[in-house]
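The values are calculated or read from the model by the stated rules, or taken from the named source; none is laboratory data. What you see is a predicted model, and the numbers here were worked out from it, not measured in a lab. Here the Cβ positions follow ideal geometry from the backbone for every residue, glycine too, while neighbour counts run over all protein chains shown. In case anyone asks, the SASA skips ligands and DNA or RNA and just uses the protein heavy atoms, side chains included. Shrake-Rupley method; radii C 1.70, N 1.55, O 1.52, S 1.80 Å.
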Amino acid sequence: MSTEPVIQTISSVAGQRLNVPVITVETFFRRHGKNLQLKLESGSGGLERRIREPTINRPGLALAGFYTYFAEKRIQVLGAAEQSYLKHLTKTQRHRRFRALCEAKIPCVVVSRGFYLAPDLLAIAEETGVAVFRTPMITMKFINAATIALELDFSPVVTEFGSMVDILGIGVLIRGASGVGKSECVLGLIERGYSLVSDDVTKIKSLEGRELMATAPELTRYHMEVRGIGIINVVSVFGIGAIRTEKRLDLVVTLKDWQELEEMDRIGLDRELYEILKIQVPHVTIPVRPGRDIARLIEVAAMDQKLKGLGLNSAVEFNQKLIGQMIAQSS
Amino acid sequence: MGLLNRRTPTDSTEKVEKEVTIINRLGLHARPAAMFVRIASRYRCEILVAKEDEEISGKSIMGLMMLAAGQGSKLRIRAEGPDAAEAIRDIEELIQSRFNED
């Protein structure tokens, strides 16, 4: 077991307060209406309804009268199949079935492929308060694009106390107690030509549970608070190259006072992980002492992380070489 | 200048020297070297470790690894300073315990 790395996971406190955002039909329309080429046809009274599941349903079975299993939490799409089925019904049947669909707790209806919904059906939607949209997109393309968009909107977001910097393509979250020197360190990194994503407070979103995306809260974006100087605008002081809107999180660095650290990792054989939103990110702890160039150390940690991404672990490789040499000598 | 050269009573310079054999299977690789240094650094005395004609500081991880002391190799550990005996005792115990390996 001795040469096997020990892996230790620290869980972020922030990760435990999950908040999935509330998405109404109106939010969806405002954010993605343009991309999905949506046009509101009727039922603007239904814009406040909530989309309760981040995907799309084709209500073929529901229109046929089967409601035992019906995904009413999802946006309902009427494609060519649903349209031609409705056409084949008698007028009374068609009204009854469409009314039943509208009276379920669906968020809204989208008619795809550029089809128009008959005026009598639009009237039913208006009456029951269900928003109806039209899109020229092919049903399948619409479903794919809308599902991806919804998935992102539904991703849980947490607030981490730490600064986010992009170092050579490695997104690094710098954590540490207040006063430990995070902002000075971030300034040092900006001076070296790297980009600031967020100072002190970072919003982190989980993308489909696969990776984490970090960004700054809109209000404080591109601003920093530096002790003794005050609030500075990073774009004005350092130029547009010094900032970045969002960045994937690849590495978490925790700065700790030298004296607080009893035992520190000196070789880097073991791995530490930091868990945010159920995703584990590599983590390193750097001891802070006056006179140490922390920005430089973080830069090296980021570059070492980049090497690890390529499958090169310096510590493991070195140790294997050493053990190999000792075995060769003793035999 | 007698004042500057005078030694405080606790600063008696002990000198201890000991030969120990590395017994764990993988030898003094990175992890044992880190443990060695962690213990050595607790003491004020100077610690020197020699293998054959190579001598390095017992408080340097890179130095210890450079010795490439595999299983069966003999190390000569010298300590000089106020707590030299204790330091040597602890280091010897660590090596005897096979660095909690095997």
**Fill in**
Among A:Ser178, A:Ser163, A:Ser198, the residue with the largest mean-square fluctuation in a Gaussian network model of chain A built from Cα contacts under 10 Å is A:Ser178
**Request:** Note down the accessible area of A:Ser236, probe 1.4 Å, to the nearest 10 Å².
**Result:** 90
**Prompt:** Any idea what angle helix A:314-330 forms with the longest principal axis of chain A, computed on alpha-carbon atoms, 0 to 90 degrees, nearest 10?
**Reply:** 50
**Prompt:** In debye to the nearest 20, how big a dipole does the protein assembly as shown give about its Cα centre with +1 on each Lys and Arg Cβ and -1 on each Asp and Glu Cβ?
**Reply:** 2160
**the protein assembly as shown, Rg to Rh (Cα coordinates; Rh as Kirkwood inverse mean 1/r)** = 1.21
**Request:** For chain A, calculate the relative contact order in percent as a whole number, restricting contacts to Cα pairs under 8 Å that are 6 or more residues apart.
**Result:** 18
**Item:** Environment charge at A:Ile174 (Cβ cut-off 13 Å; Lys +1, Arg +1, Asp -1, Glu -1)
**Value:** -3
**Message:** Angle check, please: helix A:119-128 long axis (alpha carbons) against the longest principal axis of chain A (alpha carbons), in degrees 0 to 90, nearest 10.
**Reply:** 60
**Mean accessible surface per residue for region B:13-100, computed with a 1.4 Å probe while every protein chain stays in place, in Å²** = 47
**Message:** Keeping all protein chains in place and using 1.4 angstrom, which order do A:Met264, A:Met140, A:Met224 fall into by accessible surface area, from largest down?
**Reply:** A:Met140, A:Met264, A:Met224
**Request:** Would you work out which of A:Ala100, A:Ser84, A:Val22 lies farthest towards the positive end of the dipole of region A:10-109, given +1 charges on the beta-carbon of Lys and Arg and -1 on that of Asp and Glu, about the Cα centre?
**Result:** A:Ser84
**Request:** Quick one: angle between helix A:91-103 and the longest Cα principal axis of chain A, in degrees between 0 and 90, rounded to 10, please.
**Result:** 30
**Item:** Alpha-carbon radius of gyration plus Dmax, which is the widest Cα pair, for region A:1-140 in Å
**Value:** 20.0, 77
**Prompt:** What percent do you get for the relative contact order of region B:13-100 when only Cα pairs under 8 Å and 6+ apart count?
**Reply:** 46
**Message:** Bin width 5 Å, origin at 0, all Cα-Cα pairs of region A:226-280: what percent of pairs per bin?
**Reply:** 4, 10, 13, 15, 16, 14, 16, 10, 1
**Asked** Taking K and R as +1 and D and E as -1, what net charge do the other residues with C-beta under 13 Å from the C-beta of A:Ser112 add up to?
**Response** +3
**Request:** Take chain A, connect every pair of alpha-carbon atoms lying under 10 Å apart with a spring to form a Gaussian network, then pick out the residue of A:Ile298, A:Ile229, A:Ile124 with the largest mean-square fluctuation.
**Result:** A:Ile229
**Asked** Can you list residues whose amide H is under 5 Å from A:Leu255's amide H, if they're 5+ apart or on another chain and H is modeled 1.01 Å from N?
**Response** A:Arg175, A:Gly176, A:Ile286
**Item:** Karplus 3J(HN,Hα) series, Hz, for region B:90-96 with 6.51 cos²θ - 1.76 cosθ + 1.60 (x for Gly, Pro)
**Value:** 5, 5, 5, 4, 4, 5, 5
**Mean Cα-pair separation over length for region A:77-149, i.e. relative contact order, pairs under 8 Å, 6 or more apart, %** = 35
**Prompt:** Quick one: net charge of A:Ile294's neighbours, Cβ under 14 Å, K/R +1, D/E -1?
**Reply:** +2
**Prompt:** Across region B:56-102, how large is the tail of the calculated P(r) beyond 17 Å, expressed as a percent of all Cα pairs?
**Reply:** 39
**Item:** Most to least accessible of B:Arg44, A:Arg113 (protein chains only, probe 1.4 Å)
**Value:** B:Arg44, A:Arg113
**Distance violations [Cα-Cα > 32 Å] among A:Lys256/B:Lys15; A:Lys278/A:Lys321; A:Lys87/A:Lys205; A:Lys141/A:Lys205** = A:Lys256/B:Lys15; A:Lys278/A:Lys321; A:Lys87/A:Lys205
**Beta bridges per DSSP with both ends in chain A, % antiparallel, nearest 5** = 55
**Asked** Largest first, what is the accessible-area ranking of A:His223, A:His88, A:His32, B:His29 with a 1.4 Å probe?
**Response** A:His88, A:His223, A:His32, B:His29
**Message:** Along the charge dipole of chain A, pointing to its positive end and built from +1/-1 on Cβ of Lys, Arg, Asp and Glu, which listed residue (A:Gly60, A:Ile190, A:Ala123) has its Cα farthest out?
**Reply:** A:Ala123
**Asked** Which value at 222 nm does chain B reach when only helices count, each DSSP H run of 4 or more adding -39,500 (n - 2.57), with the total divided by all residues and rounded to the nearest 500 deg cm²/dmol?
**Response** -9000 deg cm²/dmol
**Message:** Which one, A:Pro136, A:Pro156, A:Pro54, has the greatest fluctuation when you compute a Gaussian network model over chain A with C-alpha springs under 10 angstrom?
**Reply:** A:Pro136
